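Comments concern the structure below.
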Amino acid sequence: MRDILVAGNWKMNGDTARNSELLAGILAGAPTSDRVKLLVCPPFPYLADVARQIAGSPLQLGAQTVSEHPAGAFTGEVSVAMLRDIGCSHVLVGHSERRSLYGESSSDVAAKFAAAIDGGLRPVLCVGETLAERNAGQTEQVVDQQLNAVLERVGIAAFARAIVAYEPVWAIGTGLTATPQQAQDVHRHIRSVLAAHDADIAEAILILYGGSVKGDNAAGLFSMPDIDGGLIGGASLKAGDFLAIADAAASL
Ligand code: PEP
């Protein structure tokens, strides 16, 4: 049976005091379950501080993006080695906000994914369609293109050290959630695309759902056979909301 991962994407929110309060709440209330794992992805300036606060706890640390370059004259960028150095184990790549607001192409995302794998960080590859694409019946086509760009660059073996997050863009921060069956259909499709390359890797990989996950819809989503947890935006910013999702995962 696969683990359930509940990952919080704090986006560009928080400050030192609020982060400490949030972490203290999460650490105090985190469910004790061998199967449920928790990950937080704070903004860059707070990563080292958060790493110190969660040291020795089961909470894992990730960044929200990373440079595809190892080092050098890339003003404003942060490398995989730097993230590893300060205690990150994971990094999000290809979040829809990076793709839509900062122009990251699938080939940029593939390069970041490759850099993460090469440097020993576990990438969480975010894929998902817009509402227009869903309404045009293009969901699988869009997800295939986003997955294949990475598969062509790194090969299937790299997915043994990665996570995929299916995040329909129309569900992110909108309060609209894919139904468990809508999400399951895409998750199953993603697993089948990977299985066409390697059945064992496809069976083992965690595929998270993201898009307005809350305490009251998490259990329904996470109980679907191909949904292995969630990537949580808004509801990761309050300990009670995040823990309600973690508790729902632990109840399964
Ligand atoms: C996200 O940005 O990854 C996300 C899923 O956000 P929200 O939970 O707020 O929809």
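Hey, could you check the stretch 227-241 for residues that are surrounded by fewer than 19 Cβ atoms within 10 Å (Cβ to Cβ) and assigned to a loop (DSSP other than H, G, I, E, B) and say which is farthest from the ligand (Cβ to nearest atom)?
Among those residues, the one meeting the criterion is LYS238.
Please determine whether any residue of the stretch 124-139 is over 23 Å from GLY211 (Cα atoms) and either in contact with a Pro (Cβ under 7 Å, 6 or more places away or on another chain) or away from the ligand (no atom under 14 Å from the Cβ) (or both).
no
Output the qualifying pairs, or none if there are none: Cβ atoms under 7 angstrom, residues six or more apart or on different chains, first residue in the stretch 72-83 and closer than 19 Å to TYR46 by Cα, second residue assigned to a helix (DSSP H, G or I).
VAL78/PHE44; VAL80/ALA115; VAL80/ALA116; VAL80/GLY119; ALA81/GLY119
Take the residues in the stretch 153-186 that are among the aromatic types (Phe, Trp, Tyr) and within 16 Å of the ligand (Cβ to nearest atom); name whichever of them is nearest to ILE201 (Cα to Cα).
This residue is TYR166.
Evaluate the following for GLY119: is it surrounded by fewer than 21 Cβ atoms within 10 Å (Cβ to Cβ) and either more than 17 Å from GLN64 (Cβ to Cβ) or among the aromatic types (Phe, Trp, Tyr) (or both)?
Taking the combined requirement at face value, the residue does not satisfy it.
For residues that are assigned to a loop (DSSP other than H, G, I, E, B) and either within 18 Å of GLY233 (Cα to Cα) or aromatic (Phe, Trp, Tyr) (or both), tally how many sit in the stretch 143-186.
Within the stretch 143-186, residues that are assigned to a loop (DSSP other than H, G, I, E, B) and either within 18 Å of GLY233 (Cα to Cα) or aromatic (Phe, Trp, Tyr) (or both) number 10.
Can you name the number of the only condition in (1) modelled with pLDDT of 95 or more; (2) surrounded by fewer than 20 Cβ atoms within 10 Å (Cβ to Cβ); (3) among the polar types (S, T, N, Q) that THR174 fails?
(1)
Give me the pairs, please: first residue somewhere in the stretch 142-170 and within 24 Å of LEU221 (Cβ to Cβ) and touching a residue at least 12 places away in the same chain (Cβ under 8 Å), second residue anywhere and surrounded by fewer than 19 Cβ atoms within 10 Å (Cβ to Cβ) and of a type in the set (Lys, Arg), beta-carbon distance under 8 Å, and either six or more positions apart or on two chains.
ALA162/ARG122; ILE163/ARG122
Could you tell me how many of the residues in the stretch 82-96 are within 12 Å of VAL124 (Cα to Cα) and away from the ligand (no atom under 16 Å from the Cβ)?
Count: 1.
If you take the residues in the stretch 187-213 that are buried (at least 19 other Cβ atoms within 10 Å of the Cβ) and part of a loop (DSSP other than H, G, I, E, B), which one is farthest from the ligand (Cβ to nearest atom)?
Across the stretch 187-213, the extreme among qualifying residues is ILE205.
So VAL213 clears everything in (1) under 18 Å from LYS11 (Cβ atoms); (2) out of contact with any helix residue (DSSP H, G or I) (no Cβ under 7 Å at 6 or more places or on another chain); (3) without any contact (Cβ under 8 Å) to a residue 40 or more places away in the chain except one condition, right? Which one?
(2)
The values are calculated or read from the model by the stated rules, or taken from the named source; none is laboratory data. Owing to the predicted nature of the structure, the values given are computational and were not obtained by experimental measurement. Virtual Cβ from ideal backbone geometry, glycine too; neighbours counted across all protein chains shown.
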